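Note sheet for the following structure.
Any read-out appearing in this document is the output of simple, stated calculations on the displayed coordinates, not a laboratory observation. Keep in mind the model is a prediction, meaning the values are calculated, not measured. Positions of Cβ are generated from backbone atoms using ideal geometry, with glycine treated the same way; all protein chains shown enter the neighbour counts.
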Amino acid sequence: MPRVVYDPSVSSIVVDLLLEAADGKSSLLIPVVLDTGASLTIVATDLMAQLGYDPANPSLGRQRIVMGSGVEYAPRTTVRSATAIGQKVANLEVLCHDLPSESGVDGLLGLNFLKHFKLTIRFRKGIIDLTKER
């Protein structure tokens with residue numbers, strides 16, 4: 001069973017997210033916050049460009065997002081695959097948006113990834129299990 005152990009005293013749960021490049025020839029591992037309040041997964045714009053996706057493409061749809069600083073619109077694109085907590089999702093829609101540098105992470109792992117699995121968080125023990133639903 002895929003499992004992540006984290007420090008239960010921290011205010012955010014940070015996990016690794018492996019994103020496959022647009023050409024399928026490489027990938028990039030980035031730290032993201034597991035965010036059950038985010039509908040969609042968010043990845044920093046420059047990292048998406050580094051992976052060969054084109055966040056500046058005017059034909060991409062834009063998603064309205066509410067941030068602490070107000071309402072913003074972020075480009076939506078689809079990554080070939082994303083892997084976190086030992087589980088992989090193909091063709092995952094991602095918003096290209098930069099989080100504040102103070103956050104120390106490169107994005108958010110949202111519900112559009114998590115909904116494919118059974119997510120169990122044992123907060124007092126600092127354990128996350130992510131398993132395929134039967």
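Which value, in nm² and rounded to one decimal, describes the direction-averaged projected area of the C-alpha convex hull of region 5-117?
With every direction weighted equally, the projected area is 7.3 nm².
Report the full-extension gain for the segment I65 to A21: residue separation times 0.36 nm, less the Cα-Cα distance, to one decimal in nm.
The I65-A21 span can extend by a further 13.4 nm.
With Cβ to Cβ distances under 12 Å as the rule, what net charge do the other residues near A22 carry (K, R +1; D, E -1)?
After counting each charged neighbour, the total is -1.
Using only alpha carbon pairs under 8 Å that are at least six residues apart, calculate the relative contact order of the chain and give it in whole percent.
It rounds to 33 percent for the chain.
Extension gain T120-R134, at 0.36 nm per residue separation less the Cα-Cα distance, in nm?
Length gained, T120 through R134: 3.6 nm.
What distance in nm separates the two pseudo spin-label positions at S81 and V5, each 7 Å out from Cα along the beta-carbon direction?
2.7
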